[in-house]
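Below is one structure; the comments refer to it alone.
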Amino acid sequence: MQRAGKWKTPRRPAPKKASNTEKDPVGVYCRIRPLGTEDEECCIEMISSTTIQLHAPDGLKANRNGEYKETQYSYKKVFGINTTQMELFGDVAKPLVEDLIHCKNGLLFTYGVTGSGKTYTMTGSPGDGGLLPRALDMLFNSIGPFQAKRFVLKTDDKNGIEIQDQVDALLERQKRDSQQAVPKTPSSRQKPDPEFADMISPEEACKSESIDEDCCYSVFVSYIEIYNNYIYDLLEDAPFDPIRPKWLDGGTPVQNKEFIPLQSKILREDQNHNMYVAGCTEVEVKSTEEAFEVFWKGQKKRRIANTQLNRESSRSHSVFTVKLAQAPLDADGDHILQDKNQVNVSQLCLVDLAGSERTSRTGAEGSRLREAGNINQSLMTLRTCIEVLRENQMCGTNKMVPYRDSKVTHLFKNYFDGEGKVRMIVCVNPKAEDYEETMLVMRFAEMTQEVEVARPVDRPICGLAAGRRHRNQVFKDELSRCLEERGAPYNADGQLLLNQLIESFPPLPACELVDPADDQTLPRLIEVLHKRHCIRQMMMEQFNQTANTLKSVLQQLDGQLSAKETFLHDQQSKLSEKDKVILNQKTEIERLGKKSKTLEYKIDILQKTTDMYEQDKRSLQQELDTQEQRLQKELSERRQMEQRMHGMVTDTRLKWEKECERRVNAKELEMQNKLWVKDEKLKQLKVILTESGSCPTERPEKPERPSRERDRNIAQKWSASPSPLSTVPPVHPTHRRSHSAGGEKWVDHKPPSNLDLDTVMQPIIPNAIKVSTPNEKALSKCHKYVLRHQELASDGEIETKLIKGNVFKTRGGGQAVQFTDIETLKQECPTASRKRRSGSAEGPVQIEDVENRAPTPLTGTSSSHGYQKRRKP
Ligand code: ADP
Ligand code: MG
């Protein structure tokens, strides 16, 4: 995030959001702590490595009528109660440390209610170090041998890094060492703070395998606390300022004279738009232990402040920042490249957030409640920011994210707006009392993972060939080996060598000239000097020889080096080609992955559609079956019904036939009765007539009313013997042919009601006077009378009866007709009845010529005429 250099230096193009389109969602992990010993009910169940289920506690269920359901939440990974700190570190924090070493920023925070294990997860406990000590350990294990000397890389006051030259750095080191009694070197490993002892067991130590060895590294740590929306530097050694005591918590009185309250800090934005705490202490540390010690110092300060100022520790956020500066080595691989624009800086923020529970839970009062409200406010702001970010990203909106509303969100603004990797561990305590708060935490955490953060890009590597440090080391080793071979200990102390050399020269004789005639001293001196000169010559020669050898060795090495360099170059170009191929294949794999996902999705949809159709088909089939069954049932019912109806029709027909027969019989009887009545009347009339016209005769016996049985008897009687009417004046029956053949005159009486019966044979009576109503005039002129009488026969046919009679004069001067016989004319259909057909086999029309041998004389008065009909036997 932080780029090297002060604001005056030309700014390197910052890798801002526009340049990077790849995004990763915020990684949200969930850690479930074990139930406390006094807690009995557990409301969380881990149902898979990514999903947990929340059960409403029993009491709550009962209170709310069971309206609380089980809810499930899914995260990138869920860590159960048996997860070790090491496992958690491996999954969550190790990749962030790797990123840190590769110049990428990371943010890791723990979130949850108080007592859910945030601090345990972040810091750990003695013997069981959390993510923070493990991250430091991994960092130092990785960069250990490649660290720059202290104070060579220095933080400036604008969130940048400066390079200090070797001499200044040395001077500063000496100054510091003289100030501090205990040197802060890796030697302090021998006496660590007891509270941090054995935080990480040696077998759990891990390191990054891909460290850039051509860089020098420096680690700076800072530790701040945000309480009540004020930022405090926990590593500050600030003296108490009596003039402007800007105390903690807006004026809480200092209770202990020894305690010097911290001054709150402000946030600033650097030239790369990263937020930093202005004037915050950044301590350069060279080992895990030293870093622990600094952390612990801050922790102590925090604890003291909490006690002294009566604060609620669970309401503060703590941010421990590890800043890593890496400066490339120069071309020789011996010293740091003196170009601060080449210094890369990355940082990892480890945040232990305040308890996320609502204020009401803690039962805080007064100013503490206000403070709590503020702290709650900062978590609220965090939630709001996440929500707005999510909405902006999902709906394409461009709402303002209220980072500035709280210090916590403001400080981490660039992680969300710029780039970096953000991970969150939601800590949960499965106890029943936390259920409702935990549910809120879970929801927020689930939502958080929908927010995406730009993936940090790889930093451009400096233009120098790789492997410089290694080459330099090889060169140094080789040189010392060669010198050793030639008997020149490379590492021997220079002064000692010089002394030895000086000692190897012949000692100078005493050269004091006392006597002018001394002729020995000078020649002795000359001799010694000569000797010395010779030795020097020899040494010079040897030196030249050695130098030449060295030169040739150097040339040789150079040749080797350049060969190796070309080889390396080749390898590098091959590597980059392979890289390209890999990249292409990765894109291809990604493309195919996407395609397969789409296809899977389509298959899924098709599968669902098929299922739906199949279900439809099944239900239709079922319906069809039911319909068929119903149809069958209806058919059989109809058949039954038909049979029943058939039976009923036959029954009804039989019944009606019987009924008809009965009615016909009844009608017949009725008609016979009527006929009888008429007969009776006629008889009575005849009696009257006879009485008035002749001597009174005996009154005939009153005939009996006809009945079927009797009818038959009567008919038999009538056909066998004369009727009781034979007492009336005798009628002389004559043969009708003789009568019709004679020249007698006829009155042919055809009532107008008679129908024309289209018969072939018609009575033809010559010399007949045709009348429709008989009158005396016609009767007086004729001797014979015939009445054409039509009636319905029992078989339904019309039969015509020709009732014939003689006309004679009465004593009173009137006319009377005595009926003598009846001819019956009848037409029959041959197919009407078998009986009839058999009886009329000779022709379709048969005229029955019936002669009644029981003539009934009938006399009429002059004013009236009568006739007597005879029933056909
Ligand atoms: P927080 O910081 O969320 O308020 P702490 O980290 O202080 O919670 O945890 C409260 C207590 O629970 C501590 O005593 C801690 O040792 C214990 N604890 C938390 N998480 C675990 C865990 N995963 N395993 C064992 N003990 C835990
Ligand atoms: Mg805590």
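Bear in mind that the values in this text are calculations on the coordinates, not laboratory data. The structure displayed is predicted, hence computed values, not measured ones. Counting neighbours? That spans all protein chains shown, and the Cβs are built from the backbone with ideal geometry, glycine included.
Observations
- Taking 7 Å steps out from each Cα toward its Cβ at E600 and A547 produces label points 7.4 nm apart.
- Of the residues W656, W296, the one with the fewest other Cβ atoms within 10 Å heads the list, and the complete ranking is W656, W296.
- Exposure proxy order (Cβ contacts within 10 Å, fewest to most) of L599, L689: L599, L689
- Net length gained if the chain between M761 and E691 were fully extended (0.36 nm per residue, minus Cα distance): 21.1 nm
- For the stretch 267-337: rounded, prolate or oblate by the Cα gyration tensor [a/c cutoff 1.5]: oblate
- Computed E for D168/F146 - FRET, C-beta separation, R0 22 angstrom, nearest 0.05: 0.55
- Footprinting exposure proxy for M199, M538 (fewest neighbouring C-beta atoms within 10 Å first): M538, M199
- Among the listed pairs K76/K149; K76/K407; K149/K407, those with a Cα-Cα distance over 31 Å are K76/K149; K149/K407.
- Per-pair calculated FRET efficiency, R0 = 56 Å: D177 and D91 via Cβ, rounded to 0.05: 0.85
- Segment C534-D458, extension gain: residue separation times 0.36 nm, minus the distance between their alpha carbons: 21.0 nm
- For the pair N754 and D58, label points projected 7 Å from Cα toward Cβ lie 12.1 nm apart.
- Segment S201-I526, length gained on full extension (0.36 nm per residue, minus Cα span): 109.7 nm
- Rounded to the nearest 0.05, the FRET efficiency derived from the C-beta distance between R662 and E634 at R0 = 51 Å is 0.80.
- Ordering of 306-317, 784-795, 23-34 by burial proxy (mean other Cβ atoms within 10 Å per residue, highest first): 23-34, 306-317, 784-795
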